[in-house]
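Asks: Before we start, here is the structure in question, set down as structure tokens.
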Amino acid sequence: MVSGGHRLHKDFLYFKKDNLYGLSCFENMPVESQIERGARMKSVGILAPSYTELYKHMRFLEKQVRHLLETPGQYEDFAHFYHQKKGILPPRSDDIVDLPSVQLLSPMGDHPHLKILHPVGCFAQFIQFFGEHIFSLWKFTLLRKRILFFSPPPIGAVCYRVYCAMCLMDHTVPGLPQSLPAVQPLFYVNVADIDMLENEISYIACTTERIFETKTHLYDVYVDNQVVRGSHTPALKDMISVNRADKDKFKKLNSIRLLQRPDKFTEESLKFDDEDIFTAFFMELNNRLFSTLLGVSSSPDKQLTADHMRSVGLDPKADRTFVMELLDTYGIDVVLVVDNPCCAMS
């Protein structure tokens, strides 16, 4: 149960436990009981090797929460579910165990950022919620920063923000010089996860505990509802500001959404989802950016000019720090020439 969750009627959350992902559903039911202080609260969940298909069990978990609230101690349906779905979970990363070949509850897919169930309009809400600052988040995800979303409960919708933010960094460009570990979508975290967070190089997570705001060594970017804050370095703080190129990209994204949105109110229009538009937009943007950088790095002079910057949707001056950080993060050998060749940096 999340911090502050006792004030809610219902909620759900995604989380990570060691090398497993989980989905938990919570419900609070008023009861006439002095022992239970007028409220009975239950939270039930499952663990799996990935979060790919956890959503398929959400309705079952919601139903079981209600069942256990009304008939405490009745676990027959859980036992049946366990025997039907059980598999041998992979060991923790620090254990070495040979596992037999079995069908896991939720096998890992090939894509690093696996689709979870989200309500129709989730991506539209993400775009509307952050507005032009979505491109500040885009830069931070590409730089593989530690990003922590804060919001008071309910936390379920904030878990979707973690998923949307993960999609900002998708690309299909091979051959980046520096091999980097995958960014971890941790979803919900609390103070019990502090030791784990201290060892994470790059992650995206969410929390309901404001105490994290004071623990600046645990994150690079702290997102307090709609307010994006960078810690530690002036460079990160500079990237929070929205520049002209960011505004242009935001207008282009919204224009594409308007063009592809159904213009008539029908049953199909109610099911319209921005996810494909959203993911395709950022994948094309990222592919163009990385392809340009790699192309410049293989040229004789290796000089990235203002025209190159504009061609990938960046502001030659305002995005200079971002590009320098990006080149360093991925180990791309390029000389950045924007204002004056004599001031070139590599």
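The values are calculated or read from the model by the stated rules, or taken from the named source; none is laboratory data. Since we're looking at a predicted model, the values are computed, not measured. All Cβ positions, glycine included, derive from the backbone under ideal geometry; neighbour counts span all protein chains shown. Side chains included, ligands, DNA and RNA excluded: accessible areas come from the protein's heavy atoms. Shrake-Rupley method; radii C 1.70, N 1.55, O 1.52, S 1.80 Å.
Asks: Looking only at the range 43-61, which residues are at pLDDT 85 or above, part of a helix (DSSP H, G or I) and closer than 26 Å to Met166 by Cα?
Replies: His57, Met58, Arg59, Leu61
Asks: Let me spell it out: the conditions are (1) part of a helix (DSSP H, G or I); (2) open to solvent by less than 50 Å² (accessible area, probe 1.4 Å); (3) free of Cβ contacts under 8 Å to residues at least 40 places away in the same chain; (4) not hydrophobic (A, V, I, L, M, F, W, C), and Asp328 meets all of them except one. Which number is the exception?
Replies: (2)
Asks: Looking only at strands (runs of 3 or more DSSP E) that lie completely in the range 132-245, which have at least 2 residues being open to solvent by less than 20 Å² (accessible area, probe 1.4 Å) and of a type in the set (A, V, I, L, M)?
Replies: 147-150, 203-207, 221-224
Asks: Can you spot a residue in the range 21-32 that is over 19 Å from Gln64 (Cα atoms) and among the aliphatic types (A, V, I, L, M)?
Replies: no
Asks: I'm trying to understand the selection: among the residues of the range 148-183, which are of a type in the set (Phe, Trp, Tyr), within 10 Å of the chain's Cα centre (by Cα) and at pLDDT 95 or above?
Replies: Listed by number, the list holds a single entry, Phe149.
Asks: Sort out which residues of the range 298-323 are surrounded by fewer than 18 Cβ atoms within 10 Å (Cβ to Cβ) and either among the charged types (D, E, K, R) or in contact (Cβ under 8 Å) with a residue 40 or more places away in the chain (or both), and write them in order of number.
Replies: Listed by number, the residues that qualify are Asp301, Lys302, Gln303, Asp307, Arg310, Gly313, Lys317, Ala318, Thr321.
Asks: Say whether the condition of being out of contact with any strand residue (DSSP E or B) (no Cβ under 6 Å at 6 or more places or on another chain), modelled with pLDDT of 60 or more and open to solvent by 60 Å² or more (accessible area, probe 1.4 Å) is met by at least one residue in the range 89-100.
Replies: The answer is no; no qualifying residue exists.
Condition check ((1) closer than 14 Å to Gly156 by Cα; (2) open to solvent by 40 Å² or more (accessible area, probe 1.4 Å)) across all residues:
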| position | (1), (2) |
| --- | --- |
| Tyr14 | yes, no |
| Phe26 | yes, no |
| Glu32 | no, yes |
| Val44 | no, no |
| Tyr55 | yes, yes |
| Val65 | no, no |
| Thr71 | no, yes |
| Gln84 | no, yes |
